[in-house]
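One structure is given below, encoded as structure tokens.
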Amino acid sequence: MVECPCRVEGLSFRWPDGSLALSDLSLAVPGPGLWMLVGDNGSGKSTLLRLIAGVFTPAGGHIHCPSPPTLVFQNPDHQLLLPGCGSELLFHRPESADPSAAARREAVDTTLARVGLAGFAGRPIHSLSGGQKQRLAIASALISGARLLLLDEPTALLDPDSQIDVLDLIRTLCSGPTPLTALWVTHRLEELDRCDGAMLLRRGRAADRWSEGRALRIRLEGLPSGRADR
Ligand SMILES: Nc1ncnc2c1ncn2[C@@H]1O[C@H](COP(=O)(O)OP(=O)(O)OP(=O)(O)O)[C@@H](O)[C@H]1O
Ligand SMILES: [Mg+2]
């Protein structure tokens, strides 16, 4: 049996002002693959990813992820810390990894190639396009050894070609012989057609099951804009 890469049970979360952001939210990611979350503004999607990532502490409930999750932000400029692509990746490489110069170079080169940035080790980060920065942020997660990626609207700030490139990249990483798991928040309903399953969040609660992405897109497109929580 495939181990569930992320299970959340009865999760609740309150802001310091007492308002409830999540209420008794449960979901289980069934296995590796690309899983998408949709929902109106304020339905709790970003809060949920931050709780799974351990940035916030829940008021109640349980989160179980066998492999530590890594967050990928909407804006890679909020995530990338160092001036160069190679140094950024080395910063995220586990301390336990082989420290020799050859092993470090090999790890950086292979990881950059996995995200379509082969040969970029010496490039300053400020010279990258938005899509390339987003792929570098994903490379940072990969070199850290992450098997569960939490992506909060990762294409929201990208041009249409880069949106497709980043989605294609995550699809590739989440399929094949050793697939990763991605939990991807989106407002772009067309992206739902590319996922393995989609879930609607409404007012801090999740639907009781995963839907086929295309079917959920068609259902949501039939609703008046902004009415998914009705
Ligand atoms: N610091 C805070 N204090 C109180 N309420 C907050 C705080 N931060 C966020 N919220 C509220 O928590 C709710 C859930 O926010 P969250 O950012 O998780 O929504 P979201 O589904 O990601 O929305 P969007 O689609 O706009 O990104 C919203 O009503 C938001 O206003
Ligand atoms: Mg959000």
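In the range 41-58, what residues are touching a strand residue (DSSP E or B) at 6+ places or on another chain (Cβ under 7 Å), near ligand 2 (Cβ under 9 Å from one of its atoms) and small (Gly, Ala, Ser)?
Across the range 41-58, the qualifying residues are Ser43, Gly44, Ser46.
Which condition number does Trp184 fail, the rest of (1) surrounded by 16 or more Cβ atoms within 10 Å (Cβ to Cβ); (2) over 23 Å from Ala113 (Cα atoms); (3) within 16 Å of ligand 2 (Cβ to nearest atom) being met?
That leaves (2) as the condition not met.
Within the range 156-186, how many residues are out of contact with any Gly (no Cβ under 9 Å at 6 or more places or on another chain) and within 16 Å of ligand 1 (Cβ to nearest atom)?
Of the residues in that region, 4 qualify.
Can you report the number of residues in the range 118-131 which are surrounded by 21 or more Cβ atoms within 10 Å (Cβ to Cβ) and outside any helix (DSSP H, G or I)?
The qualifying residues number 1.
From Leu117, Leu90, Leu49, Leu151, which residue is touching a Phe, Trp or Tyr at 6+ places or on another chain (Cβ under 8 Å) and modelled with pLDDT of 95 or more?
Being touching a Phe, Trp or Tyr at 6+ places or on another chain (Cβ under 8 Å) and modelled with pLDDT of 95 or more holds for just one of Leu117, Leu90, Leu49, Leu151, which is Leu151.
Can you tell me which of Glu9, Glu3 is assigned to a strand (DSSP E or B), more than 16 Å from ligand 2 (Cβ to nearest atom) and not aliphatic (A, V, I, L, M)?
Only one candidate passes the filter, namely Glu9.
How many residues are in a loop (DSSP other than H, G, I, E, B), within 8 Å of ligand 1 (Cβ to nearest atom) and closer than 20 Å to Gly61 by Cα if we restrict to the range 18-50?
Residues flagged as in a loop (DSSP other than H, G, I, E, B), within 8 Å of ligand 1 (Cβ to nearest atom) and closer than 20 Å to Gly61 by Cα within the range 18-50 amount to 3.
Against the condition within 12 Å of the chain's Cα centre (by Cα) and either more than 13 Å from ligand 2 (Cβ to nearest atom) or without any contact (Cβ under 8 Å) to a residue 24 or more places away in the chain (or both), how does Thr70 come out, does it pass?
Yes: the conditions hold for Thr70.
Restricting attention to the range 14-34, which residues are closer than 14 Å to Leu200 by Cβ and within 16 Å of ligand 2 (Cβ to nearest atom)?
Across the range 14-34, the qualifying residue is only Leu25.
Kindly provide the set of residues from the range 1-13 that are surrounded by 14 or more Cβ atoms within 10 Å (Cβ to Cβ) and either of a type in the set (A, V, I, L, M, F, W, C) or within 9 Å of ligand 1 (Cβ to nearest atom) (or both), ordered by number.
Residues satisfying the conditions are Cys4, Cys6, Val8, Leu11, Phe13.
Just a yes or no: is a residue in the range 98-111 within 20 Å of the chain's Cα centre (by Cα) and not aromatic (Phe, Trp, Tyr)?
Within the range 98-111, one or more residues are within 20 Å of the chain's Cα centre (by Cα) and not aromatic (Phe, Trp, Tyr).
The values are calculated or read from the model by the stated rules, or taken from the named source; none is laboratory data. Since the structure is predicted, the reported quantities are computational estimates derived from the model, not experimental observations. So basically every Cβ, Gly included, is an ideal-geometry build from the backbone, and we count neighbours across all protein chains shown.
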